[in-house]
Each structure stands twice: as C-alpha cells, then as structure tokens.
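Just so it is clear, none of the values below were taken in a lab; they were calculated from the coordinates. Remember, predicted model here, so these are calculated numbers, not experimental data. Virtual Cβ from ideal backbone geometry, glycine too; neighbours counted across all protein chains shown.
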Ligand SMILES: C[S@@+](CC[C@H](N)C(=O)[O-])C[C@H]1O[C@@H](n2cnc3c(N)ncnc32)[C@H](O)[C@@H]1O
C-alpha cells in the first residue's frame, strides 16, 4: 500500500505539471502505473521513487512520473459524428469563408497515439480534389513523448485498426508490416506532431480554425478546464469550431464557447460566428 505522504507528493507533482487530478480513491492507479517508473529508475517500490523525488530536482524523473499518469485511450474516428460533421458541415463552411486565403489550420490537442489527427488526414485525403490549391495544416500535440513517438511511427496493431477504422480505409491507406499495420507515409506527412502541455501558452502554436480537444479535459478540475478553454479560445477566430468528447461539456465551465445544438460535441466561439451549423447546400461545398 502506498504511504499517504508519498501519494500526496506524487499526485501533487502530476497535478502541477499536467493539471491531471487524482482523487484519493485513485491511489491504486498511481501505485500501479508508477511501479514501472520506479523499476526503470532502479527502485524497488514507490517509497524509493518518492525518496528520489524528495532527494532533489530531477526533471526527467518528474516528466516520466507525469507521463505515466496520463490516460491515452483513443481510437480511429472516435464517436464517428465529429468526423462526419467535419467533412459535411465544418470544412465546406470554412472553405466558403476562406476562399481568398485558402488556408485552414486544425489542432488535435491531446492527440495520444495519433488516431484522431490521422482520422482527419484520411478524411482530407479522401476528398483531395476539393482541397486542391488549399493549404490545410494539422498540428497534433500531446504531453506524452511516448505517445508522440508512437503517433509519428504510424504503426498500429490489428486490435487498434479494428477499432473505428472502416475496412475500406484500412485497405487503402495502410499496409501490413509484420504483425502491425503501417499508415501510408503521405497521410502521416499531413500531420505535424509536437510536444505541448495544455497548461502552457498555445499562443506559441499559432491560430486554429478547428480544435479537437476531445477526452482530455475530463481528467482536469473545473478551474484548470476553464483556463485551458479560455486560452484555446484566444487562438481561434470568431467562426472557429471546437470539438470535445461525448461525455464532456463547456456548460458550467466557461462562457467562451457555446454548444451547437444541431451537433453533439461541437462548440462555437460565443463571441461571434454562425449560430447555426446546419449542413450547407451542396453549392457552398462545390463553390469553395
Ligand atoms: C484519453 S486521450 C484522448 C485522445 C484523443 N483526443 C481522443 O479523444 O481519442 C488524452 C490525451 O491527453 C493527453 N494529456 C493529458 N494531459 C495533458 C496536458 N496537460 N497537456 C497535453 N496533453 C495532455 C494525454 O497524454 C493523452 O494522450
């Protein structure tokens, strides 16, 4: 059993470095996940790990402790509808309003092992004729270096490709590499992966028309959620679109965004932008 003062020390580190909040009933989780870190650093138990932390500043150790406590569950085309909306509603609408600049920036914040940004890039590839002469940037960020390395490699197990990825897309965009599936390099090249902590200043990343911030804030407390959402909002134009996970909401957290009633999980910037995001007539999409 983890000692109370060790738990408090370690959960304090995780909270201050990532915003992730661990309630006392998560002591077993912390113990389970940090045992691997302890062993890697040559310690036999959590007590030893806590002693090393108390022993003086060790940035790499603190980073690994934090990273080990992240939850990285993800899948291709998670919940489907955000990706359908993106294709059928959001991109056509934004393309119509950005005809001159012909540039759209998308941010997958908390991208884990890459399934989310790669789902977006596969959608874009499927409709590449529509995006000819357009520049569409996809930036994918995460706090976890392990996840970013996995994402960049674009190698997925049979189990991972069976979750959410339509078989036609698997056949088209992946090839078998031993017992894994490798995503086509040209689809991988559409995504830039970068380490970024959501507690930091997203101003360093630039502005984004569309932000996927899905299933990340659920692990943070209310004030931290509000701070992150407010900083994200500052990086978005008034007609920008935010996606959050199915079990998440901005209600009661911030007034910077408002839910789009027609589309679950989709939020608009409160300060402006269209209040209606109905599917546009085909002419908007084809004129874009
Ligand atoms: C559950 S995954 C969600 C992945 C994907 N967005 C989805 O919905 O499938 C949450 C991701 O958020 C990342 N994360 C947690 N706290 C973070 C922080 N403070 N800054 C950046 N990323 C963070 C974790 O490392 C993890 O990969």
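Across every pair of non-identical alpha carbons in region 52-199, the mean reciprocal distance, once inverted, gives a Kirkwood radius of 16.7 Å.
With contacts taken as Cα pairs under 8 Å and at least 6 residues apart, region 71-167 reaches a relative contact order of 38 percent. Compute the helix-to-body angle for 27-40: its Cα long axis versus the longest principal axis of the chain, expressed 0 to 90° and rounded to tens. The helix 27-40 is inclined about 80 degrees to the chain. Over region 1-124, how many percent of alpha carbon pairs lie in each 10 Å bin up to the one with the longest distance? Spelled out per bin, shortest first, that is 11, 32, 20, 17, 14, 5, 0. Pair-distance distribution of region 39-89: all C-alpha pairs, bin width 5 Å, starting at 0; shares per bin in whole percent are 4, 15, 18, 15, 7, 7, 7, 8, 9, 7, 3, 0.
Counting every other Cβ atom within 10 Å of each residue's Cβ, 231, 172 order from fewest to most as 172, 231. Look at the alpha carbon pairs under 8 Å that are at least 6 residues apart: their mean separation over the length of region 1-135 gives a relative contact order of 21 percent.
Sorted from fewest to most neighbouring beta carbons within 10 Å, what does the list 74, 270 look like?
Details: 74 21, 270 14.
Lowest to highest Cβ neighbour count: 270, 74.
Residues 26, 256 in ascending order of nearby Cβ atoms (within 10 Å, fewest first): 26, 256. The P(r) of region 166-234 has a tail past 21 Å containing 48 percent of all C-alpha pairs. Helix 59-68 sits at what angle to the longest principal axis of the chain, using alpha carbons and giving 0 to 90 degrees rounded to 10? In the chain, helix 59-68 runs at an angle near 70 degrees to the longest axis.
In terms of packing, defined here as the mean over residues of other Cβ atoms within 10 angstrom, the peptides 195-208, 118-131, 234-247 line up highest first as 234-247, 118-131, 195-208.
Which angle between 0 and 90 degrees, to the nearest 10, do you get for helix 115-126 versus the longest principal axis of the chain when only C-alpha atoms count? For helix 115-126, the angle is close to 20 degrees.
In the chain, Cα pairs under 8 Å separated by at least six residues give a relative contact order of 18 percent.
The share of Cα pairs per 10 Å bin across region 81-287, counted from zero up to the longest distance, runs 8, 35, 37, 18, 2, 0 percent.
With the convex hull built on the Cα atoms of region 4-68, state its orientation-averaged projected area in nm². Working shown, then result.
Values: hull surface 15.2 nm².
For region 4-68, the mean projected area of the Cα convex hull comes to 3.8 nm².
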